[in-house]
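Below you'll find the structure, written out as structure tokens, and then a few comments.
The values are calculated or read from the model by the stated rules, or taken from the named source; none is laboratory data. Values in this document were obtained by computation on a predicted structure and should not be read as measured data. With ideal geometry, Cβ positions are generated from the backbone for all residues, glycine too; neighbour counts draw on all protein chains shown. Remember, those area values only see protein heavy atoms, side chains included, never the ligands or the DNA or RNA. Shrake-Rupley method; radii C 1.70, N 1.55, O 1.52, S 1.80 Å.
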Amino acid sequence: MSVLILQIDIGHGTQWGKEYAIDPIRKIFIPSVKKYAKKHSYDYQLVVESEYKKKGGDFLFLATPEKHLSFERYFHFNQKHESIVYIDNDVYISNNAESLPEINGLMNAPEPEGNASKIFRERYNQPVNKNYYNSGVTFVDNKTAKNLQNYMLYRMKNKIRAKGKNSDNMMLNEYILENPSIFYELSNKWNYMPFLENSTRIKKANFLHFVGIYGKNFLFQILKSNKNLTILIEQLIESQIDFKFRY
């Protein structure tokens, strides 16, 4: 299986808006992904120039200029590889992470219950048990990747925004609604989001996602303490420390 792991690092390299996040992203998070790709003989691509700026025109399509950074991925989904794995740059991959599973169609992990999932269900008239999926880790096969790229770029060119939150994440959930036959739910061990409210603790996650304000605060507290960030993250993945006291 030929796999491309894709990441984005444009400008500040983060949607966080916090200067203190840049060093961990570039010195710890992104290198952990590169190390994982090398270990398992996956190809790796880091996008550092904005195709959206060249082809999308203004930065008024999504809610904020920063949110367009995560949309950049869709300019790079037409690849020769059998599968593409997109990973946000605030994701850390464990030293003990498993090799990737078989990738079919589109695969994403559900977000813990929160405001975004409630908005999604209300705007799209979905049942209360309908999951809302996080786009920060996306597994996609070659055929679906090309289809998804065409879908997203068409919406960008025609300014077809999401009905719920004006974000690429909400747009991806719309795509999932429209294409249920090619979607497969991904285990949260591939996108562990412990800093989001209502997250369920799991052991031995593969990918740890610092999504959410509490993730940023946790990172800030570690950096202020001068403790070894990599060691603490690995302990968190193994569920050997309690992160909640740092909230």
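For segment 11-31, check the following and say yes or no: at least one residue is of a type in the set (S, T, N, Q) and either open to solvent by less than 10 Å² (accessible area, probe 1.4 Å) or over 23 Å from Tyr192 (Cα atoms) (or both). There is no residue in segment 11-31 that is of a type in the set (S, T, N, Q) and either open to solvent by less than 10 Å² (accessible area, probe 1.4 Å) or over 23 Å from Tyr192 (Cα atoms) (or both). Of Ile103, Ile84, all but one fail to be crowded, with 18+ Cβ neighbours inside 10 Å, touching a strand residue (DSSP E or B) at 6+ places or on another chain (Cβ under 8 Å), among the β-branched types (Val, Ile, Thr) and in a loop (DSSP other than H, G, I, E, B); the exception is Ile103.
For segment 173-201, the tally of residues that are in contact with a Ser or Thr (Cβ under 8 Å, 6 or more places away or on another chain) and closer than 16 Å to Glu102 by Cα stands at 2. All of Lys54, Lys38 fail the test of being under 20 Å from Thr230 (Cβ atoms) and assigned to a helix (DSSP H, G or I), apart from Lys38.
Would you check if there is a residue in segment 211-229 being surrounded by 18 or more Cβ atoms within 10 Å (Cβ to Cβ), closer than 22 Å to Asn115 by Cβ, touching a Ser or Thr at 6+ places or on another chain (Cβ under 6 Å) and not hydrophobic (A, V, I, L, M, F, W, C)? No: segment 211-229 contains no residue that is surrounded by 18 or more Cβ atoms within 10 Å (Cβ to Cβ), closer than 22 Å to Asn115 by Cβ, touching a Ser or Thr at 6+ places or on another chain (Cβ under 6 Å) and not hydrophobic (A, V, I, L, M, F, W, C). In segment 182-196, of all residues being touching a residue at least 60 places away in the same chain (Cβ under 8 Å) and hydroxyl-bearing (Ser, Thr, Tyr), the one that is farthest from Val211 (Cα to Cα) corresponds to Tyr184.
Out of Ala63, Ala116, one residue alone is touching a Gly at 6+ places or on another chain (Cβ under 8 Å), farther than 24 Å from Thr230 by Cβ and open to solvent by less than 70 Å² (accessible area, probe 1.4 Å). It is Ala116.
The residue that is farthest from Asp88 (Cα to Cα), counting only those in segment 197-210 that are open to solvent by less than 40 Å² (accessible area, probe 1.4 Å) and out of contact with any Asp or Glu (no Cβ under 8 Å at 6 or more places or on another chain), is Ser199. Out of everything in segment 127-147 that is modelled with pLDDT of 95 or more, surrounded by fewer than 19 Cβ atoms within 10 Å (Cβ to Cβ) and not in a helix (DSSP H, G or I), what residue ends up being farthest from the chain's Cα centre (by Cα)? So, considering only residues that are modelled with pLDDT of 95 or more, surrounded by fewer than 19 Cβ atoms within 10 Å (Cβ to Cβ) and not in a helix (DSSP H, G or I), the one farthest from the chain's Cα centre (by Cα) is Pro127. When segment 148-180 is filtered for residues that are surrounded by fewer than 19 Cβ atoms within 10 Å (Cβ to Cβ), of a type in the set (S, T, N, Q) and in contact (Cβ under 8 Å) with a residue 24 or more places away in the chain, the ones remaining, listed by number, are Asn166, Asn179.
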